[in-house]
1. Conditions: (1) under 16 Å from ARG657 (Cα atoms); (2) of a type outside the set (Gly, Ala, Ser); (3) in contact with an Asp or Glu (Cβ under 6 Å, 6 or more places away or on another chain). ASN578 meets all but one. Number of the miss?
2. Here are the criteria: (1) of a type outside the set (Phe, Trp, Tyr); (2) touching a residue at least 60 places away in the same chain (Cβ under 8 Å); (3) closer than 27 Å to ALA457 by Cβ. Tell me which single one ARG543 does not satisfy.
3. For segment 416-444, which positions are of a type in the set (Asp, Glu), within 30 Å of SER36 (Cβ to Cβ) and outside any loop (DSSP other than H, G, I, E, B)?
4. Quickly run through segment 227-252 and pick out the residues that are over 26 Å from the mean Cα position of the chain (by Cα) and surrounded by 16 or more Cβ atoms within 10 Å (Cβ to Cβ).
5. Regarding segment 408-417, can at least one residue be identified that is under 26 Å from the mean Cα position of the chain (by Cα), closer than 30 Å to PRO518 by Cβ and at pLDDT 95 or above?
6. Mind counting the residues in segment 204-230 that are closer than 20 Å to ILE650 by Cα and of a type in the set (A, V, I, L, M)?
7. Residues ALA425, ALA457: which one is surrounded by 18 or more Cβ atoms within 10 Å (Cβ to Cβ) and within 18 Å of GLY157 (Cα to Cα)?
8. Can you tell me which of LEU109, LEU114 is in contact (Cβ under 8 Å) with a residue 12 or more places away in the chain, part of a loop (DSSP other than H, G, I, E, B) and touching a Phe, Trp or Tyr at 6+ places or on another chain (Cβ under 6 Å)?
Amino acid sequence: MNVRTALPRRLVVALCLAGAGPACAADADADLLDLSIEELGDIRVTSVSRVEERIADAPAAVFVITGDEIRRSGVTTIAEALRLAPGVEVARRNAHSWSITTRGFNSDLANKLLVLIDGRSAYSPLYAGVFWDVQDTLLEDIDRIEVIAGPGGTLWGANAVNGVINIITRPAAETTGAFVELGGGNEERGFAGFRYGGMLGRMAARAYVKAWDRAALKDLTGADAVDEARLHQGGFRLESTPSDVSRVTIQGDFYSGDEAGVFRDTFTLGTLPAGSREDKTDIGGGNALARWERALDDGAEFSLQGYYDYTRRDIPNTYDERRDTFDVDFQHRLRRAGQHDLLWGAGLRVTSDEIGNTTFVTFTPAEREDTTWSAFLQDKIEVRADRLFLTLGSKFEHNDYTGFEAQPNARVSWLIDERRSLWGAVSRAVRIPARLDSDLRLTVPVGFAGLPLYVTADGNRDLRSEQLVAWELGYRLQPTNRLSLDAVLYRHDYEHLQTVEPHAPVVVLTPPAYAVLPHTLDNLMDGTVLGGTFAANWQPAERWRLRFQYSHLDLDFQLQPGSRDTSRFVETGNSPENQAAVYSFVDLPRRLQLFTGMRYVDELPNLGVDSYIAVNAGLSWTPSDKLQTSLAVENLNDERHVEFGRGMQIERSAYVRVRWQF
């Protein structure tokens, strides 16, 4: 058994900081194929219950993408790495943007998925979604990505409706020495990264910088689109163990970049844009996080975490945003009392913004501050020793949009024997309105109808939270030492989903005269989603690992009486009904590693996107323990295909990469 995988993460880090840094750094690079199928089930996750537990015992649809899988697969972004998890919908829109969700509701503004990076929330309070173009780090330093499909509101709060993605980087004690990465190709025109880490007594530290330059995709005519992008990023991490029972972590990141695009010219009511022009969106930001963890004498433990996050986004002739977010989170695991394992916590988040408005996008007021208070309580009850567990808990929040919200759940886990487990869950989660839902007026010029004509969409300060009650059932089976199976079925019942309600046309005769087709956001739709996922890990030979994954979902939306919405109703066609993938990881002679993957994604009828198959491959050669070269090719089978509804074509691409550690 791989000792590092079997030991709890906190113990591994403590051993490293106590003086075993170089040894830990070497072991941290343990190969995926060094783990047996049984040991894959022993991998520890923290996103399901906020405390470490074996993935095989977790009462949720949880999947782990390991750091070694990311490195072998040849992906260059976190967004692309998420394709390795079953049921995650990853659709690339252009050279720098993705639409990502789980269990349906994908869109340009997908807003039902919570993303965490080392405990820091990456979702934007502007629209309750994630700007994937700026979620980045040195991929070499990612330890694992925990993907939880299904609601996580009981522990993580509002907007963890359809899933939680937790990106966890390696401790600084496991990244000592220097690391250099260089690469480039026809689409990834160039990328580079450097990291250096070291030990000083009971303290470990690392710092990194990275940059990438990405070429434009093709439009539907085959011409180059205007969406090339580049980003520069850096960061650091410090860890200290002032005592054997205490650990302090301080880390931060900063980034800046630009993204090309075509933007309409400015206009005022009564005039239309003269045309459009090429320009660049300016992006930037940074964050700093501090966390203190301590084990208490009675077997209890607590953690206190705080972070500050700053983001900047300037979109020509659209809007400018400056946002500051402060977040404090406390968690306390009490001493185990008989059959009860109690966990509770509280948090405070304050976010404030300044918006530079245009006629096209107007937020009223232009500046706003929002505060969210929260608390949660969870009790894991051991009903039958080491076999049957009942977990009860709820999150309680107060926000400035809808007031008080409660998100309870109940989960049952039955460990039938060493090779079989069954779990079930009933959960409630909510998606609270965001700044865009409440305060935005969108004005879109559409042409002339005797007068200049505009379509407007107004936010609504009386919006309710979108609500979900989810029913889930899962089964895990390891029929042999070389095969494991994981199946999940679910039903999601939604209420108060957002709609866009049209109103009677308005003609304004005050010069300059114009006409408006007004719309307002409301909560006049319900829905049901039925679906399931299946994943199988098979090891046909000692140095060969195969994984098959499949997901299916069926969405059914019902407009409430009085609704005349048509735009949101067709979102049933924004998510693929079926997805399937086969991934192969194999070690070849002469220190070669081969990755191959084939994905099938169903059509998106609402967006006019055909189904497609994509075949990717990566070949790595490690001539020494310090040097590795690799070649990765995407879309081997297809010159190009469209993944979402903007007409950008994802081309066949290839790049070479060199990694050097010393």
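The values are calculated or read from the model by the stated rules, or taken from the named source; none is laboratory data. It should be emphasised that the depicted structure is a prediction, and the values quoted were computed from it without experimental measurement. With ideal geometry, Cβ positions are generated from the backbone for all residues, glycine too; neighbour counts draw on all protein chains shown.
1. Result: ASN578 passes all but (1).
2. Unmet condition: (3).
3. ASP417
4. The initial filter retains those residues of segment 227-252 that are over 26 Å from the mean Cα position of the chain (by Cα), namely 240-247.
If the condition is that a residue be over 26 Å from the mean Cα position of the chain (by Cα) and surrounded by 16 or more Cβ atoms within 10 Å (Cβ to Cβ), then SER240, THR241, ARG247 are the ones that fit.
5. no
6. Filtering segment 204-230 down to residues closer than 20 Å to ILE650 by Cα leaves 212-230.
Those left that are additionally of a type in the set (A, V, I, L, M): 215-217, 220, 223, 225-226, 229.
Count: 8.
7. On the way: ALA457 fails: within 18 Å of GLY157 (Cα to Cα).
Going through ALA425, ALA457 in turn, the sole match is ALA425.
8. Numbers: LEU114 fails: part of a loop (DSSP other than H, G, I, E, B).
Result: LEU109 is the single residue among LEU109, LEU114 that is in contact (Cβ under 8 Å) with a residue 12 or more places away in the chain, part of a loop (DSSP other than H, G, I, E, B) and touching a Phe, Trp or Tyr at 6+ places or on another chain (Cβ under 6 Å).
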